[in-house]
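Quick notes on the structure that follows.
Throughout, read-outs are computed from the coordinates displayed, never taken from laboratory work. Since the model is a prediction, treat every value here as computed from it, not as a measurement. Here the Cβ positions follow ideal geometry from the backbone for every residue, glycine too, while neighbour counts run over all protein chains shown.
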Amino acid sequence: MPVPRVVHSVRQLRGDVADARSAGRTIGLVPTMGALHEGHLSLVKAAREQCDTTIVTIFVNPTQFGPHEDFDRYPRTMERDLQLLSQVGTDIVFAPDRPTIFPEGFSTYVEPPAVAQRWEGECRPGHFRGVTTVVLKLFNLVGADVAFFGQKDFQQARVIQCMVDDLAVPVSVRVCPTVRESDGLALSSRNRYLDDAQRSRALALWNSLLAAKQLVERGERQARSVCDRMRQRLIESGVDRIDYAALVDPVTLQPVERVQQRTVAIVAAVVGPTRLIDNLEIEPGPI
Ligand code: PAF
């Protein structure tokens, strides 16, 4: 597997991209904030399968964290990240410092699309403004053919797809399935904040999603009943706060009243000091 070439400057990055382009290679981009896990590696593997050159970016984006969020303690594990990327094979790692992305005087931001308004948008004001701004900048810097994101951040993937459509950004967005532990816990860089007891409680998110799916499969069509069951599961398992537990339309992200077609159950809750999100697609079968 190729050991990634690590570049820090825009000049180096653009040089490498130009070389790949002149060799007729397609480029796959995997934007990350580091603290990599199997979920990220599945995106890198997809990029390697679908594109000739794989570029992973590692940048903990300050503008997508709220003032009381975990920017300062967000895990920074560059050496381990590079080892993992060598194992799966990555051509280039772009790891800019803060002034490279947000130089002195930076003042232009993306106004996120409508699908950003609810859920994470409500709970984390400014979050998607930061995400869309940095992702658009990375798109502009790399000029990739395809960019890979995880289904785990379902709303983020939808927000980025809408931005790409609305602003005619010349990149295809691919969304890859959530990677889970064997007991169902969705992989997340923030899982490393959890101690054993909190990790057990964190499973409540997945269990609440499974409960929603089962209820719909048994014929329940009232979203309110399904959401009540999700909340009940979360409370029983002792999460410390529920931010939302909802059934939404997969395109508009508006809450549905009845589960008539493909729907996504979404959940966000706090366990100890850690805020977690998860989601599951639900397809109502015939009753
Ligand atoms: O999903 C993430 O890790 C981040 O939101 C992203 C897309 C890398 C932007 O900073």
task = Could you work out the equivalent-ellipsoid semi-axes for region 206-245, taking the square root of 5 times each eigenvalue of the Cα gyration tensor, largest first, in whole Å?
result = 18, 10, 7
inquiry  = In 5 Å bins starting at zero, report the fraction of Cα pairs in region 50-206 per bin as a rounded %.
reply    = 1, 7, 14, 19, 23, 18, 11, 5, 1, 0
ask   = What are the radius of gyration and Dmax of region 124-222, computed over its Cα atoms and given in Å?
value = 17.0, 49
key: Along principal axes, Cα extents of region 99-147, largest first, whole Å   = 30, 29, 13
ask   = Size of region 28-91 along its principal axes in angstrom, Cα-based, largest extent first?
value = 40, 20, 16
task = Using Cα centres only, tell me the gap between region 28-56 and region 149-193 in whole Å.
result = 12
remark   = Of the convex hull enclosing the alpha-carbon atoms of the chain, the direction-averaged projected area in nm² is 15.4
key: Charge dipole magnitude, Cβ of K and R +1, D and E -1 - the chain, Cα centre, debye nearest 20   = 120
request  = Check the straight Cα-Cα distances from K213 and name the aspartates and glutamates below 14 Å, setting aside those fewer than 8 residues away within the same chain.
outcome  = D228, D278, E281, E283
